[in-house]
Amino acid sequence: MSAPHLSSRQLDAFLALAEQRSFTRAATLCHLSQPAFSALIRALEDDLGLRLFDRSTRHVDLTPEGQNFLESARRIRAEITSALAAVRSAATLQRGRVAVALLPSLAAGWLPGVLAQYRTAHPGIEIDIADVLSEPCIDRVASGHADFALAAIRADTPALQAEPFCSDNFYLVCPADHPLARRRKAITAQDLAAWPFIHLARTSSVRQYLEAALHPQAMHTLMEVEQLATVMGMVRAGLGISVVPALTLFHFDQPGLVTRPLSLPGLTRQIYLVRRRDESLSVAAQALYALVMAQRP
């Protein structure tokens, strides 16, 4: 036996009649003629195989089965109303959630201004930001924990698609009184190798791009650190020099430090926007995606 079909109109008609106890008043409340309203109630009872109302010329009452159905009908209507309200709110960007994973350098320097615009336009949207390295960025998209990511990995797979987002040139950072700060000629890999060097960890995209561009030149590595803020502190203390992408230069806008553009073959970092292939973004995520693409650094 197939399950009975319950339409939203039948549910509204039942609740109106249960409240009004009058076919005339309930039909008016539902903006229906009385014959059309009565047909809805009959169809509901036929579908359920139960009488829900006792009718007489003077009054309409719920049967015991109708009384039992009333609580469920109210709960169903409340759930439908809540679901429709949530969908409408999401469609109009009044409510929703968007999750983005991106490199810490982008999250700290470029993203805040973009998010400020987004929050002004859509204050009801919840925003989840993961400022992590490239591989965790990709993992978050693949697992569904992020709607999209900005990473230095071109993750084109059967499940993921990547599109170029921006490119990032590299700069020397050194103390203002360092000999390389006063260098007029182009700085070479050999010039960099002559000085103690502060490296980022090998897991960072910055380190990987830098080593690929400098190979086979070996650097005079003084130390490896995890955070760009630590690189800045070590360089400012005169312990060594470093090379960092342009998107990270806000960390090095400090008294006593200078930055100089480098032009070494292959030393350009490409940033990609990665999302799940053949899956639509939510309305909230699509709105942030559009703003992110429009505000590319």
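The values are calculated or read from the model by the stated rules, or taken from the named source; none is laboratory data. In this text the structure is predicted, and so the values were computed from the model without any measurement. Because the Cβ atoms are built from the backbone with ideal geometry, glycine has one as well, and the counts that use them run over all protein chains shown. Ligands, DNA and RNA are excluded from the accessible area calculation, which covers all protein heavy atoms including side chains. Shrake-Rupley method; radii C 1.70, N 1.55, O 1.52, S 1.80 Å.
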When Thr57 is run through (1) in a loop (DSSP other than H, G, I, E, B); (2) buried (at least 17 other Cβ atoms within 10 Å of the Cβ); (3) of a type in the set (Val, Ile, Thr), the failure sits at (2)
Of those in the range 228-239 that are open to solvent by 40 Å² or more (accessible area, probe 1.4 Å) and in contact (Cβ under 8 Å) with a residue 60 or more places away in the chain, the residue nearest to Ala107 (Cα to Cα) is Arg236
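Yes/no matrix, rows are residues, columns are (1) open to solvent by less than 60 Å² (accessible area, probe 1.4 Å); (2) under 33 Å from the mean Cα position of the chain (by Cα); (3) of a type outside the set (D, E, K, R):
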{"position": "Glu163", "(1), (2), (3)": "yes, yes, no"}
{"position": "His178", "(1), (2), (3)": "yes, no, yes"}
{"position": "Phe197", "(1), (2), (3)": "yes, no, yes"}
{"position": "Gln208", "(1), (2), (3)": "no, yes, yes"}
{"position": "Ala218", "(1), (2), (3)": "no, no, yes"}
**Prompt:** Has the range 85-92 got any residue that is in a helix (DSSP H, G or I) and touching a Gly at 6+ places or on another chain (Cβ under 8 Å)?
**Reply:** yes
Suppose the filter is modelled with pLDDT under 90, closer than 24 Å to Glu79 by Cβ, surrounded by fewer than 18 Cβ atoms within 10 Å (Cβ to Cβ) and aliphatic (A, V, I, L, M); does Leu50 pass it?
yes
What about Gln94, is it over 18 Å from Phe14 (Cβ atoms), out of contact with any strand residue (DSSP E or B) (no Cβ under 8 Å at 6 or more places or on another chain), open to solvent by 50 Å² or more (accessible area, probe 1.4 Å) and modelled with pLDDT of 90 or more? no
From the option list Arg275, Arg296, single residue qualifying as of a type outside the set (A, V, I, L, M, F, W, C), open to solvent by 70 Å² or more (accessible area, probe 1.4 Å) and touching a residue at least 60 places away in the same chain (Cβ under 8 Å) is Arg296
So Leu150, is it within 23 Å of Ala246 (Cβ to Cβ), within 16 Å of the chain's Cα centre (by Cα) and among the aliphatic types (A, V, I, L, M): yes
| message | Given the criteria of a type outside the set (Gly, Ala, Ser) and farther than 30 Å from Asp253 by Cα, does Glu79 qualify? | response | yes
Scanning the range 278-292 for residues that are assigned to a helix (DSSP H, G or I) and in contact (Cβ under 8 Å) with a residue 60 or more places away in the chain, the one nearest to the chain's Cα centre (by Cα) turns out to be Ala285
Selection over the range 131-169 where residues are touching a helix residue (DSSP H, G or I) at 6+ places or on another chain (Cβ under 7 Å) and in a strand (DSSP E or B) yields a count of 8
Within the range 228-264, restricting to residues that are touching a helix residue (DSSP H, G or I) at 6+ places or on another chain (Cβ under 7 Å) and assigned to a loop (DSSP other than H, G, I, E, B), the one that is nearest to Tyr209 (Cα to Cα) is Leu264
Taking the range 244-256 and keeping only residues that are surrounded by 17 or more Cβ atoms within 10 Å (Cβ to Cβ) and farther than 22 Å from Ala201 by Cα, one is left with none
